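Asker: Handing you a structure now.
We did not get these values from a lab; they are worked out from the coordinates using the rules stated. Everything numeric in this text was worked out from a predicted model, so none of it was measured. We place every Cβ from the backbone using ideal geometry, glycine too, and count neighbours over all the protein chains shown.
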Amino acid sequence: MSLLRNRSFAVELAVLAAALGVVDALAWALAGPGAGLAALTSLALACALFAAFSTRRYREIARLAAEVDEVLHGGRRIDFADYREGDVAVLKNELAKMTAALAGATERLGKEKAALADALADVSHQIRTPLTAIGLLVPAIEDAAGPAERTRALRELETLVERVGWLVTTLLKLAKADAGAIRVQAAPVDVERLVRDALAPLAGAFDLRGVACEVDVAPGTSFTGDAAWSAEALGNVLKNCLEHTPAGGTVRLSASEDAVALRLRVTDTGPGITPEDVPHLFERFYRGAGSEGFGIGLSLARSLVAAQGGTLRAGNDRATGGAQFDFTFPKMVV
């Protein structure tokens, strides 16, 4: 009786019975009572077989629906091993694909949630450290013994404030890059000007650390990209090289181009990148041995280069043993 409550089954059974009833009536009228009774028997048998097969099919569908409900509410997987080929095979296959996709999505969301929690913890730590130092400097400035000591403390405070500001700004840029909200231009970029723009904010730092910067860029070298974002990416790499180069060392920057791409190479005479750090160098908040930064500058640099269709790779210079960074910007050839 429960199957008869199924509107689809009831309609199908009624249509079948009506069609066979018409056939039975025709047989009775054309061939006599014997043929009519044979047709009527066939009608009853057909309806019984239809009901039996429909019952079995609906039971399989109901069992499958119950298992899907358990997956949605209990988190367990569907076992499709006991489902034979039949009229529910297509549904079974599609549900298998769906559950596999849901399982993959759930796993990815779990990893992203864990990564977000780790990132928030790292951000909190990175910001808390300079803020703690700033909090300690304020009473030191108030209790300074003289103008010289007060000036020194104020300069140290200014440096810390700049570091916090740079960190917050860079984190916002990384968030925009992750969201795909960074707009990059496709315009001719003069590499000589690009290098000057990247080095300008670091000129004082190079002098204070006693590190030389050698540039080898041929006039007229260019590529199609975004000058501002490229300068920021290059500046972050130069800053990283500067931080790992001892006094008296050198950071070198060279450029080469062909019909396919513009290539920038930055090397330094520091200790180089350890094999353990190479696979993780561009990971967010990763800080290798001896790192002075927050671990986001190189990650942002790679994101900015990738947004322009380029690549940024890191390794060690075979000649000096120092770090080596290779930019590749594809050129549009008409």
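Asker: Of the listed peptides 232-238, 204-210, 58-64, what is their order by residue-averaged count of other C-beta atoms within 10 Å, with the highest listed first?
Answerer: 232-238, 58-64, 204-210
Asker: Sorting check: for 172-183, 296-307, which peptide has the highest mean count of neighbouring beta carbons within 10 Å, and how do the rest follow?
Answerer: Going by the mean number of other Cβ atoms within 10 Å, highest first, we get 296-307, 172-183.
Asker: Let me ask another. Using Cα positions and a limit of under 25 Å, work out the lysines in reach of residue 111, with same-chain residues fewer than 8 apart set aside.
Answerer: Partners found: 97, 173, 176.
Asker: Regarding the range 94-232, what whole-number volume in Å³ per residue does the convex hull of its Cα atoms give?
Answerer: Per residue, the Cα convex hull of the range 94-232 comes to 182 Å³.
Asker: Give, as a single signed number, the net charge of other residues whose beta carbon lies under 13 Å from the beta carbon of residue 315, with Lys and Arg counted +1 and Asp and Glu -1.
Answerer: On the way: positive: 265, 313, 318; negative: 268, 277, 317, 326.
Spelling it out: positives minus negatives among the neighbours equals -1.
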